[in-house]
Structures are given as structure tokens and as C-alpha cells.
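Here the structure is laid out as C-alpha cells; the discussion comes afterwards.
Every number in this text was worked out from the coordinates using simple rules, so none of it is lab data. Note that the structure is a prediction, hence the values are computed from the model and not measured. Virtual Cβ from ideal backbone geometry, glycine too; neighbours counted across all protein chains shown.
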Amino acid sequence: MRVLKKFAVGTASLSLLMLPPLLTPQVAQGESKGYSATPQDEYNLQRPTRIKAERLHARQLDAKVHATAIINEALWYQGVIRRYAEQQRIAAEKARKAAEQAAQRREYQRTHPVTQQSTNQNTNQGPAMSGSCAAMAPPGFPSYIVQRESRGDPNAYNSSSGARGCAQILDSHFRSGAACAGLGYAECWAKLWAGGAGASHWACTPESGCG
């Protein structure tokens, strides 16, 4: 055990002797004897201060990097929050406009009730036929025109032109704002015929022998 202790002490002493001295013997004795320090002596003397400065600089760099990372992360989160708030604002604005439009539609429907007549106008179809052609025809309307147009069938319909009924009146006459809007078929027939003044609706003129 004593041998091992002596060996350890001797090894440590040898290691210390092998380290480069911070100061030369001359510097250790002082400059009073006319000795001037060499550049190596100056370097060794300044090493503790230099090491402290380097460590402080490294810590400052680490702190700066860490602070920059924290700032960048905070800015990123702020951007995310702003984008989310903007999306919420846009969604709320769309919902508000949709609610306003729905309220306007409900108010319009309340003040403008839909009737069966307006439904027929929206589908661009004339009213349903009721009765025979002879019963619906206005006074003085030539019967041969009825035969030519529909062969006396009140339910006749021309899908290519949209003409229907005994007189083959166009569905467009029954649309909103047209001449027969809101009228029945017989009423529209009489209005278009106008006592013969409207015979041109059926290519029927006094020159052709009718009207």
C-alpha cells in the first residue's frame, strides 16, 4: 500500500514538472535585476484574463442565440394568432351576411305570399284547361283556326314552341309582366283576340278572310 502511495505521489510530481511554466525563472525572480519579459512571458501572464474573456464571449453568444430563438418563436406564434383571428373575422362576416340575406328572403316571402297563380308563372306554363274549346272561345273567333291550331283539343301542347290549348297560346304570354299574367286561359284568349283586333296573333287578317 505504501509503495502504491509513493508511486502515485511521484507520478503527480512528474506530471507537474512536465507542464510548461507560466513564468520563466527570471520573471519569477523579478525584474529588479534588469531582466525584461519575453513575448512568451507576456502571453502566459495574459492567459487567465484571455480565457475568462473568451468564456464570457462564448456565454454572451449563447445567450444571444437563445434570445433570438425565443423572439423568433414568439413572432411566429403572433403570426399564427393574427391569421386565426382574421379567419374568424371573415367567417363571422360571412355568417352575418348570410343571416341578413335569409332574413330578407323571409321578409320578402312574408310580404309577397306565393299563390298558385304565381307558381304557374314561375314555371312558365299557362293555366290548366277547363271546358271545351267552343265554351272557352271568345265571341267571333273563327272555329277553323281552332281546328287548325289544336283540332279542338283543349289539352293540345306543342313542346317545341310552348304553345298550348285550343288556340295554341304561347306560355310566354302568361309569364310575369306579360299580357296574360294572372289571367285564366279563356280570359287570355279573349284579351289577345280583342274582338278581332288581335287576329294577327293567329296569322288571321281581314285580307285572309277572317277578323
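Which of the trypsin sites (Lys or Arg not before Pro) across the range 140-191 are loop residues per DSSP, with 12 or fewer other Cβ within 10 Å?
151
Show me, for the range 138-149, the HN-Hα J-couplings you get by feeding each phi into the Karplus relation (A = 6.51, B = -1.76, C = 1.60, θ = phi - 60°), rounded to Hz, glycine and proline as x.
Going residue by residue, I get x, x, x, 6, x, 5, 5, 5, 4, 5, 5, 7 Hz, with x marking Gly and Pro.
If you plug each phi of the range 73-88 into the Karplus form 6.51 cos²θ - 1.76 cosθ + 1.60 with θ = phi - 60°, what whole-Hz ³J(HN,Hα) values come out, in order, with x for Gly and Pro?
Values per residue, Gly and Pro as x: 5, 5, 5, 5, 5, 4, x, 4, 5, 5, 5, 4, 4, 5, 4, 5 Hz.
Could you please tell me the mean projected area of the C-alpha convex hull for the range 36-113, averaged over all directions and given in square nanometres to one decimal?
Convex hull of Cα atoms, orientation-averaged projection: 6.8 nm².
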